[in-house]
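Values quoted throughout were computed directly from the atomic coordinates according to the rules given, and no laboratory measurement underlies them. Note that this is a predicted model, so its numbers are computed, not measured. Cβ coordinates were reconstructed from backbone atoms using ideal geometry, including for glycine residues, and neighbour counts include every protein chain displayed.
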Amino acid sequence: MRLGPIVAATVLATLAAACNKSSTASAPPPAANEAAAPEVPAPIMTPDDAKKALAGLPAPYNTADLDNGEAKFALCKSCHTLGQGGANMTGPNLYGIVGSKAGEGRNDFKFSDALKAANITWTPDKLDAWITKPAALVPGTKMTFAGLNDPKDRTDVIAYLMVQTGYKPK
Ligand code: HEC
């Protein structure tokens, strides 16, 4: 029995189907602030890239200690991811946080009414007040975090946030 032609025809049909599929799947690219598809890994920031990004930040963040920032971010990590397209957990993904409005559009994260009504733009100063004591800045927030008391730790964490969440100095 000669199966050759049948196998070839099947292969061709499969290829044609695959081609069709890929041409119909070319949807328009997502808007810039939409989460990337989860299977696309966030770009990895090398220590060198991080150092360069740090130098470009506004003072006093440009001289912050990124290693300490990373170490202190361990306190935030159980609730927050940083990379583009990262998951929402107990707290929202924080990609692009600096300069953005509080309580908005983080891939359908359910913010508290208190934070949504707070009308805050996340400047570095506001972030500093936030992580000093979230409930003091926004009474009724559902971020249950006691706060970072040391001002240097806060500066280092905010610099780390800027570097790791795609902040672009103006
Ligand atoms: C126990 C979990 C938890 C920890 C720990 C935590 N957060 Fe949060 N965070 C939240 C939740 C929940 C919200 C949403 C608050 C709301 O809706 O009121 C939030 C909101 C935020 C926001 C505002 C997001 C937006 O889009 O407006 C920022 C910024 C933030 N957290 C930064 C941090 C940083 C930095 C740390 C560590 C110093 C930290 N968080 C620690 C749970 C946490």
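Observations on the structure shown:
- Alpha carbon centroid spacing (whole Å) that separates the range 41-94 from the range 118-153: 17 Å
- Cβ-Cβ FRET estimate between residue 52 and residue 133, R0 fixed at 35 Å, reported to 0.05: 0.60
- Proximal charge balance of residue 142 [Cβ under 14 Å; K/R count +1, D/E count -1]: +2
- Cα gyration tensor shape of the range 47-164, rounded if a/c is under 1.5, else prolate or oblate by comparing a/b with b/c: prolate
- Fully extending the segment from residue 149 to residue 77, taken as 0.36 nm per residue of separation minus the present Cα-Cα distance, adds 24.1 nm.
- As a rough footprinting exposure proxy, the listed residues 112, 78, 100 were ranked by other beta carbons within 10 Å of their own, and the order from fewest upward is 78, 112, 100.
- 25 Å Cα-Cα threshold exceeded, pairs from 52/142; 77/126; 142/168; 110/168; 77/168; 77/170: 52/142; 142/168; 110/168; 77/170
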